[in-house]
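*Asks:* Handing you this structure, nothing more for now.
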Amino acid sequence: MLAKMFLDLFRLFFCGAWRRDVAKPVFAFSLLMAVGLPPLRAQPMNEFFLRQAKAYPEEGGYVWSSTGCPEALVRGTDTLLRKSKAGTYCSGFTFTVFFKVMNECGAFDSLSLSELKRIQQEWYGITAASAEQQCVYVMEKWNLGSHIEKEHARPGDFVQFWRNNNSGHSAVFLDWSRDSEGNIVGIKYRSSQRSTNGIGERTEPIGADSRSLNPKRIYLGRIGAGFPAP
């Protein structure tokens with residue numbers, strides 16, 4: 001019984017607190033008090049996303065077709081997305097990282113398959129409302145996380161950015177590239193892109209030329225940020 005309570009607590013604080021059931025934190029607090037433990041502060045899940053992102057082998061091919069996923073995404077008996085037939089692409093890679101971690105800790109248990117499909121479409125930027133911010137839009141709409149300002153970015157955050165030529169990219173944030181004075185001049189990330197023949201790490205500059213990132217169109221989001229202890 002005690003083991004089950006701790007498992008429930010793990011799911012609540014690392015996953016359930018970001019679901020739409022606002023009664024979860026109160027329930028978690030009650031469980032903690034019942035076993036004589038102090039309430040815990042919900043922590044961001046960045047380390048789990050980083051671990052998942054780095055679990056996939058480098059390269060593997062880049063294709064802008066199929067699902068873009070490095071593996072099939074399954075919840076129970078339902079297959080949300082099949083493994084991409086040949087290679088991956090950015091949205092498929094980041095959504096796979098996001099889905100695997102959140103699904104394994106029970107964050108999607110209360111969602112229907114149609115809701116999960118809607119989340120996937122929004123993460124990919126298929127809907128008009130999600131087209132600009134994509135992953136960050138999903139986090140805020142579904143109460144899974146929130147937008148993060150550049151100065152607060154951490155490895156394991158998710159990022160959607162756009163270059164000055166209007167080409168975009170979805171990635172797992174790793175670090176900023178800085179000049180000798182400490183100014184941010186680029187971004188290091190892990191995703192799937194043509195330059196790495198699929199999955200890999202890359203650094204891109206932020207600036208004014210057409211192929212650089214537009215500093216006004218870099219959207220960072222963090223799963224589980226901003227949830228204090230009950």
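The values are calculated or read from the model by the stated rules, or taken from the named source; none is laboratory data. Keep in mind the model is a prediction, meaning the values are calculated, not measured. Positions of Cβ are backbone-derived with ideal geometry, glycine not excepted, and every protein chain shown enters the neighbour counts.
*Asks:* Any chance segment 114-130 includes a residue that's hydrophobic (A, V, I, L, M, F, W, C), touching a Leu at 6+ places or on another chain (Cβ under 9 Å), farther than 24 Å from THR67 by Cα and at pLDDT 95 or above?
*Replies:* Among the residues of segment 114-130, not one is hydrophobic (A, V, I, L, M, F, W, C), touching a Leu at 6+ places or on another chain (Cβ under 9 Å), farther than 24 Å from THR67 by Cα and at pLDDT 95 or above, which makes the answer no.
*Asks:* Those residues that are of a type outside the set (A, V, I, L, M, F, W, C) and either crowded, with 22+ Cβ neighbours inside 10 Å or at positive phi (or both), I need them from segment 159-168; list them, please.
*Replies:* Selection gives GLN160, ASN166.
*Asks:* State which residue pairs qualify: first residue closer than 22 Å to TYR219 by Cα and inside segment 98-125, second residue among the β-branched types (Val, Ile, Thr) and surrounded by fewer than 19 Cβ atoms within 10 Å (Cβ to Cβ) in any location, beta carbons under 8 Å apart, and separation of 6 or more residues or different chains.
*Replies:* GLN121/THR127
*Asks:* While we're here: I'm told GLY156 meets every condition in (1) in a loop (DSSP other than H, G, I, E, B); (2) surrounded by fewer than 16 Cβ atoms within 10 Å (Cβ to Cβ) except one. Can you identify the failing condition by its number?
*Replies:* Checking GLY156 against (1) in a loop (DSSP other than H, G, I, E, B); (2) surrounded by fewer than 16 Cβ atoms within 10 Å (Cβ to Cβ), the one that fails is (2).
*Asks:* Could you tell me whether any residue of segment 88-104 is modelled with pLDDT under 95 and in contact with a strand residue (DSSP E or B) (Cβ under 6 Å, 6 or more places away or on another chain)?
*Replies:* yes
*Asks:* Looking only at segment 99-112, decide whether some residue is crowded, with 22+ Cβ neighbours inside 10 Å and within 15 Å of SER170 (Cβ to Cβ).
*Replies:* There is at least one residue in segment 99-112 that is crowded, with 22+ Cβ neighbours inside 10 Å and within 15 Å of SER170 (Cβ to Cβ).
*Asks:* I've got another one for you. Do we find a residue being surrounded by fewer than 19 Cβ atoms within 10 Å (Cβ to Cβ), basic (Lys, Arg) and free of Cβ contacts under 8 Å to residues at least 12 places away in the same chain anywhere in segment 196-205?
*Replies:* No, segment 196-205 has no match at all.
*Asks:* Let me ask something else about it. Could you tell me whether segment 206-226 includes any residue that is aromatic (Phe, Trp, Tyr) and over 15 Å from ASN46 (Cβ atoms)?
*Replies:* Yes, that holds for at least one residue.
*Asks:* Still on this structure: Could you please give the count of residues in segment 47-70 that are modelled with pLDDT of 95 or more and crowded, with 16+ Cβ neighbours inside 10 Å?
*Replies:* Number satisfying all stated conditions: 12.
*Asks:* Counting just the residues of segment 210-219 that are charged (D, E, K, R) and touching a Lys or Arg at 6+ places or on another chain (Cβ under 9 Å), which one comes out modelled with the highest pLDDT?
*Replies:* Applying the filter and picking the extreme gives ARG217.
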